[in-house]
Amino acid sequence: MNIIHYNPNETGLRLLQTSENYFNNVFNEQKETIYKPISEINDFLGFLNSRLTYPDVVLITAHGTNKAILRLRKGTLVKAMRLHQTRLFKHNFVFAISCGTATEFGSKAIDEAAQVYIGFDDEIQSDFKFDNGSNNKFNLILESVFKKIYQTSVNEAFEIFIKKCLTAKEFCMHMDLIFKRQVRKTLRMGIKELRTIYSAPITDKYVSELKAIIKLQFLAKFDSLRGKITLLGDEQFVPWYFINRLNEEELEELLTKVKKLKK
């Protein structure tokens, strides 16, 4: 199994581009290189084509629409992966952080024998924007903190999904749990820790207002994002690559879960 990550270096995709470093650290260890980040679309399509008989995990962080994965060409978004090319997802688990692709594009991927397609059924850029009065600097701080918390929830949930052999459905549930845990953790932070963790110019003047908005708006925004996520295909799909590294207790828990699924 490979984890194939299409991660183009394009404007507007800053949200999860730094996840590449995180995944390199957690998956490419002990001389294994199962995590394959790819920035060029032709390389991505070619690599998928070379592995049509393998059940890989595919992660996409790119622009999208209901009918295609998009890329920038001379400042304009153009189709990079079209409907007919979803055949390249055969046997794969696909998680696409791309606007709108969970509709027609994702359904076509399942028709073409992808095992799972998780993506968004609408645009998501507005969910990362804040408009609290005329203080643009403060809004940018809020966006930075929210994006960091969301990125952490995706990164950690994806790592647990792969390393603990969770189901596709459990992966989605863990994103939810980790996001809420990160919000609670952030609300307990002092100003120095907030500045360090979020690399944001937070001043004493903003701390109380920042925490109030985190408490009132962050969960609502996350709920909006969660409501746009669609899981197509087999929600009980499990990536088995790390099963030999589970401890006895984890194996027992997994066995119990598998038995329940068979009933």
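The values are calculated or read from the model by the stated rules, or taken from the named source; none is laboratory data. Nothing here was measured: the structure is a model prediction, and the numbers come from that model. In this analysis, Cβ positions are derived from the backbone assuming ideal geometry, glycine residues included, and neighbour counts consider all displayed protein chains. What goes into the accessible areas is simple: the full protein's heavy atoms, side chains included, and nothing from ligands, DNA or RNA. Shrake-Rupley method; radii C 1.70, N 1.55, O 1.52, S 1.80 Å.
Observations on the model:
- Gyration tensor verdict on segment 19-165 (Cα atoms; rounded if a/c is under 1.5, prolate if a/b is larger than b/c, oblate otherwise): oblate
- Solvent exposure of the chain as accessible area per residue, Å², 1.4 Å probe: 50 Å²
- Net charge, D56 excluded, C-beta distance under 11 Å - Lys, Arg +1, Asp, Glu -1: +3
- Between helix 41-50 and the chain: long-axis angle, C-alpha atoms, 0 to 90°, nearest 10: 30 degrees
- Normalised by residue count, segment 105-230 yields a Cα convex hull volume of 111 Å³ per residue.
- 10 Å binning of all Cα-Cα separations within segment 1-103, expressed as whole percents from 0 upward: 15, 50, 30, 5, 0
- Scattering from segment 46-112 was approximated by placing one identical point on each alpha carbon and applying the Debye formula without solvent; log10 I(q)/I(0) at 0.11, 0.13, 0.27 1/Å stands at -0.24, -0.33, -1.26.
- Residue separation of N9 and L140 scaled by 0.36 nm, minus their Cα-Cα distance, works out to 45.0 nm of gained length.
- Using the empirical formula 2.2 N^0.38 Å as the baseline, the Cα radius of gyration of segment 204-256 reaches a ratio of 1.98.
- Dimensionless Rg/Rh of the chain - Kirkwood Rh, Rg from C-alpha atoms: 0.98
- Share of pairwise Cα-Cα distances greater than 22 Å in segment 164-263 is 51 percent (whole percent).
- If you plug the beta carbon distance of Q125 and E252 into 1/(1 + (r/R0)^6) with R0 = 30 Å, you get a FRET efficiency near 0.10.
- The trypsin sites (Lys or Arg not before Pro) of segment 119-165 meeting both criteria, a DSSP state outside H, G, I, E and B (loop) and at most 14 other C-beta atoms within 10 angstrom of the site's C-beta, are K129.
- The Stokes-Einstein estimate for segment 20-64, based on a Kirkwood radius over Cα pairs and taken at 25 °C with 0.890 mPa s viscosity, is a diffusion coefficient of 206 µm²/s.
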